[in-house]
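One structure below.
The values are calculated or read from the model by the stated rules, or taken from the named source; none is laboratory data. Bear in mind that the values here come from a model prediction, so they are computed numbers and not experimental data. Cβ placement follows ideal geometry from the backbone for every residue including glycine, while neighbour counts extend to all protein chains displayed.
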Amino acid sequence: MVNRERMKEEFIELVKIDSLSLQERAMADVLKSKLQKMGYEVYEDGAGEKIGGNAGNLLCTVKGTKQVPAVLLAAHMDTVTPGTGKTAVVEDGFIKSGGDTILGGDDAAGILCILEAIRVLREKKLPHGDIQIVFTVAEELGLLGAKYLDYGRIYAKYGFVLDHGGPIGSVAVNAPSQNEIIVAVKGKAAHSGVEPEKGVNAIQIAARAIASMKLGRIDEETTANIGIITGGQTTNIVCDRVEVRGEARSRSEAKLKQQTLHMEECFRKAAGMLGGSVEFKAELMYPAFKIDENSDIIAILKKAAEKTGVRLTLDATGGGSDTNIFNGNGIQSVNLSVGMDKVHTVEERISLDDLAKACEFLIAAITFLE
(Lines give C-alpha, C1' and ligand atoms only; values in the text may rest on other atoms or scores of the structure.)
Protein backbone atom coordinates (compact mmCIF):
# COMPACT_ATOMS: atom_id res chain seq x y z
CA MET A 1 0.00 0.00 0.00
CA VAL A 2 2.75 2.46 0.88
CA ASN A 3 5.36 3.60 -1.63
CA ARG A 4 8.54 2.15 -0.14
CA GLU A 5 10.91 3.86 -2.55
CA ARG A 6 9.27 7.22 -1.90
CA MET A 7 9.54 6.61 1.83
CA LYS A 8 13.23 5.75 1.59
CA GLU A 9 14.10 8.84 -0.44
CA GLU A 10 12.05 11.16 1.74
CA PHE A 11 13.52 9.74 4.94
CA ILE A 12 17.05 10.33 3.63
CA GLU A 13 16.00 13.86 2.70
CA LEU A 14 14.59 14.57 6.15
CA VAL A 15 17.51 13.22 8.18
CA LYS A 16 19.95 15.41 6.25
CA ILE A 17 18.21 18.55 7.53
CA ASP A 18 19.91 20.03 10.59
CA SER A 19 17.22 20.45 13.22
CA LEU A 20 18.69 20.68 16.69
CA SER A 21 16.36 21.72 19.50
CA LEU A 22 15.47 25.43 19.24
CA GLN A 23 16.97 25.43 15.72
CA GLU A 24 14.16 23.74 13.79
CA ARG A 25 13.60 26.51 11.21
CA ALA A 26 14.94 24.59 8.21
CA MET A 27 12.90 21.49 9.05
CA ALA A 28 9.75 23.52 9.69
CA ASP A 29 10.08 25.29 6.34
CA VAL A 30 10.51 21.99 4.46
CA LEU A 31 7.52 20.36 6.17
CA LYS A 32 5.35 23.43 5.69
CA SER A 33 6.17 23.39 1.99
CA LYS A 34 5.41 19.67 1.66
CA LEU A 35 1.98 20.03 3.28
CA GLN A 36 1.15 23.14 1.27
CA LYS A 37 2.03 21.33 -1.98
CA MET A 38 -0.53 18.69 -0.98
CA GLY A 39 -3.07 21.49 -0.84
CA TYR A 40 -3.32 21.95 2.94
CA GLU A 41 -3.11 25.11 5.01
CA VAL A 42 -0.40 25.11 7.65
CA TYR A 43 -0.44 27.23 10.80
CA GLU A 44 2.73 27.92 12.80
CA ASP A 45 2.10 28.90 16.40
CA GLY A 46 4.17 31.18 18.64
CA ALA A 47 5.84 28.47 20.72
CA GLY A 48 9.26 29.29 19.31
CA GLU A 49 9.20 32.84 20.61
CA LYS A 50 8.13 31.67 24.04
CA ILE A 51 10.96 29.16 24.44
CA GLY A 52 13.77 30.98 22.65
CA GLY A 53 13.68 28.98 19.43
CA ASN A 54 13.62 30.01 15.78
CA ALA A 55 10.45 28.09 14.82
CA GLY A 56 7.06 27.23 16.28
CA ASN A 57 4.92 24.12 16.18
CA LEU A 58 3.26 23.33 12.85
CA LEU A 59 -0.47 22.53 12.80
CA CYS A 60 -2.40 21.26 9.78
CA THR A 61 -5.94 19.90 9.54
CA VAL A 62 -6.86 17.38 6.85
CA LYS A 63 -10.64 17.33 6.52
CA GLY A 64 -12.19 13.88 6.62
CA THR A 65 -14.66 12.03 4.45
CA LYS A 66 -16.68 10.37 7.22
CA GLN A 67 -18.21 11.47 10.50
CA VAL A 68 -15.96 9.97 13.17
CA PRO A 69 -13.90 11.58 15.96
CA ALA A 70 -10.89 13.55 14.79
CA VAL A 71 -7.43 12.11 15.39
CA LEU A 72 -4.18 13.90 16.15
CA LEU A 73 -1.01 12.64 14.43
CA ALA A 74 2.16 14.01 16.00
CA ALA A 75 5.93 13.84 15.73
CA HIS A 76 8.67 16.22 16.81
CA MET A 77 11.01 18.13 14.52
CA ASP A 78 14.05 18.51 16.77
CA THR A 79 17.00 16.20 17.31
CA VAL A 80 19.71 15.83 19.93
CA THR A 81 23.43 16.39 19.39
CA PRO A 82 25.64 15.47 17.61
CA GLY A 83 23.11 16.30 14.92
CA THR A 84 24.79 18.73 12.53
CA GLY A 85 25.87 17.55 9.07
CA LYS A 86 24.07 14.21 9.33
CA THR A 87 24.42 11.63 6.56
CA ALA A 88 22.39 8.51 5.89
CA VAL A 89 23.87 5.21 4.71
CA VAL A 90 21.61 2.52 3.19
CA GLU A 91 22.92 -0.95 3.88
CA ASP A 92 21.33 -4.43 4.15
CA GLY A 93 17.80 -3.07 4.41
CA PHE A 94 18.70 -0.50 7.05
CA ILE A 95 19.28 3.23 6.97
CA LYS A 96 22.17 4.01 9.30
CA SER A 97 24.05 6.99 10.61
CA GLY A 98 27.26 7.81 8.80
CA GLY A 99 28.99 7.21 12.13
CA ASP A 100 29.95 10.73 13.23
CA THR A 101 26.49 11.94 14.18
CA ILE A 102 23.10 10.62 15.15
CA LEU A 103 20.87 9.61 12.27
CA GLY A 104 17.90 11.69 13.41
CA GLY A 105 15.30 8.96 12.98
CA ASP A 106 14.09 10.25 16.33
CA ASP A 107 11.87 11.68 15.08
CA ALA A 108 12.23 11.97 11.30
CA ALA A 109 10.79 8.45 11.16
CA GLY A 110 7.61 9.66 12.83
CA ILE A 111 7.37 12.65 10.51
CA LEU A 112 7.87 10.41 7.49
CA CYS A 113 5.12 7.98 8.55
CA ILE A 114 2.65 10.83 8.95
CA LEU A 115 3.47 12.36 5.54
CA GLU A 116 3.27 9.02 3.75
CA ALA A 117 0.02 8.07 5.52
CA ILE A 118 -1.63 11.30 4.37
CA ARG A 119 -0.46 10.70 0.79
CA VAL A 120 -1.73 7.11 0.74
CA LEU A 121 -5.12 8.12 2.16
CA ARG A 122 -5.44 10.64 -0.69
CA GLU A 123 -4.15 8.38 -3.44
CA LYS A 124 -6.24 5.36 -2.44
CA LYS A 125 -9.27 7.53 -1.54
CA LEU A 126 -9.57 5.74 1.80
CA PRO A 127 -12.38 7.01 4.05
CA HIS A 128 -11.28 8.72 7.25
CA GLY A 129 -12.32 11.38 9.73
CA ASP A 130 -10.61 14.72 10.31
CA ILE A 131 -6.87 14.41 10.86
CA GLN A 132 -4.96 17.07 12.77
CA ILE A 133 -1.22 16.97 12.12
CA VAL A 134 1.15 18.48 14.69
CA PHE A 135 4.91 18.72 14.28
CA THR A 136 6.37 20.00 17.53
CA VAL A 137 9.58 21.80 18.45
CA ALA A 138 11.96 21.26 21.39
CA GLU A 139 10.62 17.87 22.45
CA GLU A 140 14.11 16.83 23.46
CA LEU A 141 14.39 19.77 25.89
CA GLY A 142 11.49 18.70 28.07
CA LEU A 143 8.52 18.56 25.67
CA LEU A 144 8.53 22.36 25.41
CA GLY A 145 6.79 22.58 22.04
CA ALA A 146 3.89 20.41 23.18
CA LYS A 147 3.61 22.43 26.40
CA TYR A 148 3.23 25.68 24.44
CA LEU A 149 1.09 24.27 21.63
CA ASP A 150 -1.94 26.35 20.68
CA TYR A 151 -4.54 23.91 22.04
CA GLY A 152 -7.35 26.26 21.06
CA ARG A 153 -6.90 24.92 17.53
CA ILE A 154 -6.97 21.25 18.54
CA TYR A 155 -10.28 19.37 18.66
CA ALA A 156 -9.03 15.79 18.13
CA LYS A 157 -10.40 13.18 20.52
CA TYR A 158 -7.58 10.67 20.02
CA GLY A 159 -3.86 11.06 19.46
CA PHE A 160 -1.27 8.86 17.76
CA VAL A 161 2.27 10.01 18.54
CA LEU A 162 4.93 8.46 16.29
CA ASP A 163 7.93 8.49 18.62
CA HIS A 164 8.45 5.07 20.19
CA GLY A 165 10.93 2.25 19.68
CA GLY A 166 10.69 -1.52 19.74
CA PRO A 167 9.00 -3.85 17.22
CA ILE A 168 6.22 -2.36 15.13
CA GLY A 169 3.05 -2.75 17.14
CA SER A 170 4.71 -1.66 20.37
CA VAL A 171 2.50 1.01 21.92
CA ALA A 172 3.45 3.07 24.97
CA VAL A 173 0.29 3.30 27.09
CA ASN A 174 1.87 4.05 30.47
CA ALA A 175 4.62 6.61 31.04
CA PRO A 176 5.98 8.41 34.10
CA SER A 177 5.86 11.87 35.52
CA GLN A 178 9.22 13.60 35.79
CA ASN A 179 10.51 16.09 38.31
CA GLU A 180 13.46 18.21 37.29
CA ILE A 181 15.64 18.80 40.34
CA ILE A 182 17.94 21.79 40.75
CA VAL A 183 19.92 22.19 43.98
CA ALA A 184 22.11 25.13 45.01
CA VAL A 185 24.56 23.88 47.64
CA LYS A 186 26.11 26.71 49.66
CA GLY A 187 29.25 26.58 51.73
CA LYS A 188 31.78 29.23 52.78
CA ALA A 189 34.85 30.36 50.87
CA ALA A 190 38.29 30.40 52.46
CA HIS A 191 41.92 30.12 51.36
CA SER A 192 42.54 26.40 51.05
CA GLY A 193 46.21 26.64 52.00
CA VAL A 194 46.18 29.35 54.67
CA GLU A 195 42.94 28.82 56.59
CA PRO A 196 40.89 25.93 55.16
CA GLU A 197 39.26 25.33 58.57
CA LYS A 198 37.37 28.62 58.12
CA GLY A 199 35.71 27.35 54.97
CA VAL A 200 32.78 25.05 54.27
CA ASN A 201 33.27 23.05 51.10
CA ALA A 202 30.09 22.92 48.99
CA ILE A 203 31.58 20.17 46.83
CA GLN A 204 32.04 17.99 49.90
CA ILE A 205 28.43 18.61 50.94
CA ALA A 206 27.17 17.67 47.48
CA ALA A 207 29.39 14.60 47.38
CA ARG A 208 28.17 13.35 50.76
CA ALA A 209 24.54 13.95 49.80
CA ILE A 210 24.84 12.13 46.48
CA ALA A 211 26.78 9.24 48.02
CA SER A 212 23.93 8.65 50.47
CA MET A 213 21.21 8.88 47.83
CA LYS A 214 19.22 6.11 46.18
CA LEU A 215 19.78 6.56 42.44
CA GLY A 216 19.33 4.61 39.23
CA ARG A 217 16.57 1.99 39.18
CA ILE A 218 14.60 2.48 42.39
CA ASP A 219 11.83 0.01 41.51
CA GLU A 220 9.89 -1.14 38.43
CA GLU A 221 8.14 2.24 38.20
CA THR A 222 10.72 4.68 39.51
CA THR A 223 14.15 5.98 38.49
CA ALA A 224 16.38 8.82 39.65
CA ASN A 225 19.57 10.40 38.38
CA ILE A 226 22.10 13.12 39.10
CA GLY A 227 23.32 14.34 35.74
CA ILE A 228 25.13 17.67 36.10
CA ILE A 229 27.41 19.15 38.78
CA THR A 230 28.95 22.61 38.36
CA GLY A 231 30.87 24.80 40.77
CA GLY A 232 34.18 25.98 42.09
CA GLN A 233 36.55 28.71 40.95
CA THR A 234 40.10 27.54 41.53
CA THR A 235 41.94 24.92 43.56
CA ASN A 236 43.17 27.34 46.26
CA ILE A 237 39.68 28.42 47.34
CA VAL A 238 37.36 26.28 49.41
CA CYS A 239 34.36 26.00 47.11
CA ASP A 240 31.41 27.98 48.44
CA ARG A 241 28.76 27.07 45.86
CA VAL A 242 27.81 24.08 43.73
CA GLU A 243 24.79 23.58 41.51
CA VAL A 244 23.52 20.03 41.11
CA ARG A 245 20.93 19.04 38.50
CA GLY A 246 19.09 15.78 38.36
CA GLU A 247 15.71 14.17 37.93
CA ALA A 248 13.27 11.71 39.41
CA ARG A 249 10.66 9.80 37.40
CA SER A 250 7.87 7.44 38.33
CA ARG A 251 4.65 6.09 36.92
CA SER A 252 3.33 6.41 40.49
CA GLU A 253 2.71 9.94 41.76
CA ALA A 254 3.19 8.80 45.35
CA LYS A 255 6.53 7.18 44.56
CA LEU A 256 7.68 10.25 42.64
CA LYS A 257 6.93 12.42 45.67
CA GLN A 258 8.67 9.96 47.99
CA GLN A 259 11.83 9.81 45.84
CA THR A 260 11.97 13.58 45.46
CA LEU A 261 11.65 14.08 49.22
CA HIS A 262 14.38 11.49 49.79
CA MET A 263 16.76 13.37 47.50
CA GLU A 264 15.99 16.65 49.25
CA GLU A 265 16.55 15.12 52.68
CA CYS A 266 19.95 13.78 51.60
CA PHE A 267 21.08 17.27 50.62
CA ARG A 268 19.71 18.91 53.74
CA LYS A 269 21.23 16.30 56.05
CA ALA A 270 24.67 16.62 54.44
CA ALA A 271 24.52 20.41 54.61
CA GLY A 272 23.53 20.30 58.28
CA MET A 273 26.39 17.95 59.15
CA LEU A 274 29.03 20.07 57.41
CA GLY A 275 27.76 23.56 58.20
CA GLY A 276 26.34 24.61 54.84
CA SER A 277 22.89 25.15 53.39
CA VAL A 278 20.89 24.16 50.32
CA GLU A 279 18.19 25.57 48.11
CA PHE A 280 16.24 22.64 46.69
CA LYS A 281 13.85 23.06 43.76
CA ALA A 282 11.76 20.33 42.14
CA GLU A 283 9.61 21.19 39.13
CA LEU A 284 7.14 18.87 37.40
CA MET A 285 8.23 18.63 33.78
CA TYR A 286 5.31 16.52 32.58
CA PRO A 287 2.50 14.39 34.04
CA ALA A 288 2.22 10.62 33.91
CA PHE A 289 -0.40 8.92 31.76
CA LYS A 290 -1.97 5.47 31.67
CA ILE A 291 -4.38 4.28 28.99
CA ASP A 292 -6.68 1.43 29.97
CA GLU A 293 -6.36 -1.65 27.76
CA ASN A 294 -10.15 -1.69 27.39
CA SER A 295 -10.31 1.89 26.12
CA ASP A 296 -11.64 2.82 22.69
CA ILE A 297 -8.24 3.81 21.34
CA ILE A 298 -6.79 0.38 22.17
CA ALA A 299 -9.77 -1.31 20.50
CA ILE A 300 -8.96 0.66 17.35
CA LEU A 301 -5.31 -0.42 17.49
CA LYS A 302 -6.29 -4.07 17.97
CA LYS A 303 -8.28 -3.94 14.73
CA ALA A 304 -5.39 -2.24 12.94
CA ALA A 305 -2.97 -4.88 14.21
CA GLU A 306 -5.19 -7.70 12.96
CA LYS A 307 -5.50 -6.11 9.53
CA THR A 308 -1.76 -5.52 9.11
CA GLY A 309 -0.49 -8.69 10.76
CA VAL A 310 1.24 -6.75 13.51
CA ARG A 311 1.60 -8.08 17.04
CA LEU A 312 0.17 -5.45 19.38
CA THR A 313 2.22 -4.97 22.55
CA LEU A 314 1.15 -2.50 25.23
CA ASP A 315 4.23 -1.03 26.89
CA ALA A 316 4.95 0.72 30.15
CA THR A 317 7.92 3.00 29.52
CA GLY A 318 10.33 5.01 31.63
CA GLY A 319 10.61 7.81 29.11
CA GLY A 320 8.51 10.89 28.54
CA SER A 321 7.22 12.17 25.20
CA ASP A 322 4.75 14.64 23.77
CA THR A 323 2.18 11.93 24.52
CA ASN A 324 2.35 12.89 28.20
CA ILE A 325 1.43 16.49 27.42
CA PHE A 326 -1.38 15.62 25.00
CA ASN A 327 -2.99 13.32 27.56
CA GLY A 328 -2.62 16.06 30.15
CA ASN A 329 -4.60 18.32 27.81
CA GLY A 330 -7.48 15.88 27.45
CA ILE A 331 -6.48 14.15 24.19
CA GLN A 332 -6.45 10.38 24.75
CA SER A 333 -3.08 9.55 23.21
CA VAL A 334 -0.64 6.68 22.78
CA ASN A 335 2.90 6.51 21.44
CA LEU A 336 3.39 4.16 18.48
CA SER A 337 6.67 2.51 17.52
CA VAL A 338 8.29 3.51 14.25
CA GLY A 339 11.12 1.01 14.71
CA MET A 340 13.84 3.44 15.79
CA ASP A 341 16.92 1.67 17.14
CA LYS A 342 19.96 2.90 19.12
CA VAL A 343 18.59 6.43 19.18
CA HIS A 344 20.67 9.31 20.55
CA THR A 345 23.86 7.48 19.51
CA VAL A 346 26.12 7.55 16.45
CA GLU A 347 25.10 3.91 15.84
CA GLU A 348 21.46 4.85 15.24
CA ARG A 349 19.67 2.93 12.52
CA ILE A 350 16.20 2.02 11.28
CA SER A 351 14.85 -0.78 9.11
CA LEU A 352 13.15 0.11 5.83
CA ASP A 353 10.73 -2.76 6.43
CA ASP A 354 9.85 -1.32 9.83
CA LEU A 355 9.23 2.14 8.37
CA ALA A 356 6.82 0.70 5.83
CA LYS A 357 5.06 -1.51 8.38
CA ALA A 358 4.74 1.38 10.88
CA CYS A 359 3.08 3.51 8.23
CA GLU A 360 0.69 0.73 7.18
CA PHE A 361 -0.25 0.19 10.83
CA LEU A 362 -0.92 3.93 11.24
CA ILE A 363 -3.09 4.03 8.09
CA ALA A 364 -5.12 1.07 9.35
CA ALA A 365 -5.63 2.76 12.73
CA ILE A 366 -6.84 5.96 11.05
CA THR A 367 -9.30 4.12 8.83
CA PHE A 368 -10.67 2.03 11.72
CA LEU A 369 -11.64 5.10 13.75
CA GLU A 370 -15.35 5.04 14.47
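Cβ-Cβ distances below 8 Å connect the following pairs, each with a first residue in the range 14-29 that is without any contact (Cβ under 8 Å) to a residue 24 or more places away in the chain, a second residue that is of a type in the set (S, T, N, Q) and in a loop (DSSP other than H, G, I, E, B), and a separation of six or more residues or different chains: ALA26/SER19. Return yes or no: is GLY39 at pLDDT 95 or above, on the phi > 0 side of the Ramachandran plot, of a type outside the set (Ser, Thr, Tyr) and out of contact with any Cys (no Cβ under 9 Å at 6 or more places or on another chain)? The answer is yes for GLY39.
For the range 30-82, a residue qualifies if it is free of Cβ contacts under 8 Å to residues at least 40 places away in the same chain and charged (D, E, K, R), and the qualifying residues are LYS32, LYS37, GLU41, GLU44, GLU49. Among residues of the range 18-29 being touching a Ser or Thr at 6+ places or on another chain (Cβ under 9 Å) and among the aliphatic types (A, V, I, L, M), the one that is farthest from VAL89 (Cα to Cα) is ALA28. When the range 315-370 is limited to residues that are in contact with a Gly (Cβ under 8 Å, 6 or more places away or on another chain) and among the hydroxyl-bearing types (Ser, Thr, Tyr), the one that is farthest from THR84 (Cα to Cα) turns out to be SER333.
Yes or no, residue by residue, for (1) modelled with pLDDT under 95; (2) assigned by TED's automatic domain parsing to the domain that holds ASP107; (3) more than 30 Å from SER177 (Cβ to Cβ); (4) acidic (Asp, Glu):
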| residue | (1), (2), (3), (4) |
| --- | --- |
| LEU301 | no, yes, no, no |
| ALA305 | no, yes, no, no |
| VAL310 | no, yes, no, no |
| THR323 | no, yes, no, no |
| ILE331 | no, yes, no, no |
| ARG349 | no, yes, yes, no |
| ASP354 | no, yes, no, yes |
| ALA364 | no, yes, yes, no |
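The conditions of being small (Gly, Ala, Ser), on the phi < 0 side of the Ramachandran plot, outside any loop (DSSP other than H, G, I, E, B) and under 18 Å from the mean Cα position of the chain (by Cα) are met by ALA28. Applying the criterion of being out of contact with any helix residue (DSSP H, G or I) (no Cβ under 7 Å at 6 or more places or on another chain) and under 20 Å from GLU41 (Cβ atoms) to the residues of the range 132-150, the residue that is surrounded by the most Cβ atoms within 10 Å (Cβ to Cβ) is VAL134.
Just checking, does the range 251-259 include any residue being surrounded by fewer than 19 Cβ atoms within 10 Å (Cβ to Cβ) and either at pLDDT below 95 or in a strand (DSSP E or B) (or both)? Among the residues of the range 251-259, not one is surrounded by fewer than 19 Cβ atoms within 10 Å (Cβ to Cβ) and either at pLDDT below 95 or in a strand (DSSP E or B) (or both), which makes the answer no. Among the residues of the range 45-59, are any more than 20 Å from the chain's Cα centre (by Cα), surrounded by 17 or more Cβ atoms within 10 Å (Cβ to Cβ) and either basic (Lys, Arg) or in the same structural domain as VAL343 (by TED's automatic domain parsing) (or both)? Looking through the range 45-59, none of the residues is more than 20 Å from the chain's Cα centre (by Cα), surrounded by 17 or more Cβ atoms within 10 Å (Cβ to Cβ) and either basic (Lys, Arg) or in the same structural domain as VAL343 (by TED's automatic domain parsing) (or both). Of all positions in the range 47-66, at least one carries a residue that is closer than 19 Å to PHE160 by Cα and among the small types (Gly, Ala, Ser).
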